[in-house]
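Some notes on the structure that comes next.
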Amino acid sequence: MSTVAPSRLWAVIALALVVTIATPWTSSAQGGFFATPQPPPIYTPAKDAKDLKSVLFKWTWYMGMLRGVDEHEIIASLEYQGTGTIQIDGQPCKLTKYRVSTNYQTPGQRIQYSCMRGSTPVTNVEVVSGPYAWNESTPGAEIVPGKGKATPMPNAAQERLIRLWASPQGAPKAALAGAMQADPNKLADDGKSTVGATSVTWKGSKPVVTFPIPGVPGAIATATLNDQFMAESVVVKSGSTTTEFTYDNYDDWNNPLNKVQAFYAGKMVEKRNGTVVRDLTTTETETGKAAGAALVVSACALPPRPLRKVTPAAMATAVRASAVPIKRFFLMIFFIETPVRQDIRRC
């Protein structure tokens, strides 16, 4: 009498459930799982609208920052990795490691880097949390007494906060904060170009959004958006210092098996008073609090973003890599393509 190996049995069960669940999803355009009536959209900007509410909505929408049926802005954190060059004491330092951990809810950022300045290796951890800044000899230094050393860097706090709130995701969040509203669709639909401390003007076909940098008194940012309503530049003036960030090559840089339609710049250059201090190329991101919330498209006037695609081969690789059969099953369920772009556009 033959027996079936437990792992083989789990694979058969998982495959059957995947097929069962996926079938109505893939036929949703003809009336399957998503044929259930959807609630009306809270807000859909007019095609040629130029008011602040429509611009902030499109900015966060194109960035993949609005999630759920109510389209809340719920991006909470970001893990970023990149390559390139930074300036250390006025000298270029070629990166061998560059990792940024950002928390938007409790504003803070930790940047870990290692680089070669000529033949000299340089390693540092730069941290900012609210109004406080410090360097660490190792991540989390002195959290455990005697482990690592934390060095206060009070004069670096504003520079680091500017970097956080002028970033591709930080800038729209800061603009919303200036308008005193976390979700753009909750702003008054009154056609105004200024709400609170945030305003929009237009330079030809490009919206230019001006807003204060949270936590840095007197620092004002000016973000110029491209034709996809993503920031191509953010210029921050704070006292006698002008910091310019330029962004390009936006994409979903998450791991290929965890694409969540949250976009980030692939190329980032930071200049301080005209001098390049960071020149970065994105290698990978991990956007927090986005993957667990469905992305629902209600802005019918907007062109669709690219669909998330996970190939069967990629899914099979991820499933095989999991040592636990039940985990393999959930991975297979997780990687099913969810058709929430074209099939259920509520137009």
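Miscellaneous remarks
- Annotation: Q169 fulfils all but one of (1) in contact (Cβ under 8 Å) with a residue 24 or more places away in the chain; (2) over 26 Å from G288 (Cα atoms); the unmet one is (2).
- Matching residues in segment 72-90 - criterion: being over 15 Å from P172 (Cα atoms) and either in contact with a Ser or Thr (Cβ under 8 Å, 6 or more places away or on another chain) or modelled with pLDDT under 95 (or both): E79, Y80, Q81, G82, T83, G84, Q87, I88, D89, G90
- Filter result (farther than 20 Å from M268 by Cβ and either touching a residue at least 40 places away in the same chain (Cβ under 8 Å) or hydroxyl-bearing (S, T, Y) (or both)) within segment 71-91: E71, H72, E73, I74, A76
- Filter result for the condition that a residue is in a strand (DSSP E or B) and buried (at least 19 other Cβ atoms within 10 Å of the Cβ), over P207, P172, P121, P168: P207
- Residue within segment 37-46 that is of a type in the set (S, T, N, Q), out of contact with any Cys (no Cβ under 8 Å at 6 or more places or on another chain) and at pLDDT 95 or above present: no
- Set R99, R110: member being closer than 30 Å to A175 by Cα, in contact (Cβ under 8 Å) with a residue 24 or more places away in the chain and under 19 Å from the mean Cα position of the chain (by Cα): R110
Residue-by-condition table, conditions (1) exposed (fewer than 13 other Cβ atoms within 10 Å of the Cβ); (2) assigned to a helix (DSSP H, G or I); (3) at pLDDT 60 or above:
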| residue | (1), (2), (3) |
| --- | --- |
| A11 | no, yes, no |
| L15 | no, yes, no |
| V19 | yes, yes, no |
| A22 | no, yes, no |
| W59 | no, yes, yes |
| G64 | no, no, yes |
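- Considering segment 124-158, and only residues there that are out of contact with any helix residue (DSSP H, G or I) (no Cβ under 9 Å at 6 or more places or on another chain) and within 18 Å of V277 (Cα to Cα), the residue that is surrounded by the fewest Cβ atoms within 10 Å (Cβ to Cβ) turns out to be N155.
- Residue count, segment 225-252 (criterion: within 18 Å of the chain's Cα centre (by Cα), assigned to a strand (DSSP E or B) and of a type outside the set (A, V, I, L, M, F, W, C)): 6
The values are calculated or read from the model by the stated rules, or taken from the named source; none is laboratory data. Just so it is clear, the structure is predicted and the values come from calculations on it, not from any experiment. Cβ: placed from backbone, ideal geometry, glycine included. Neighbour counts: every protein chain shown.
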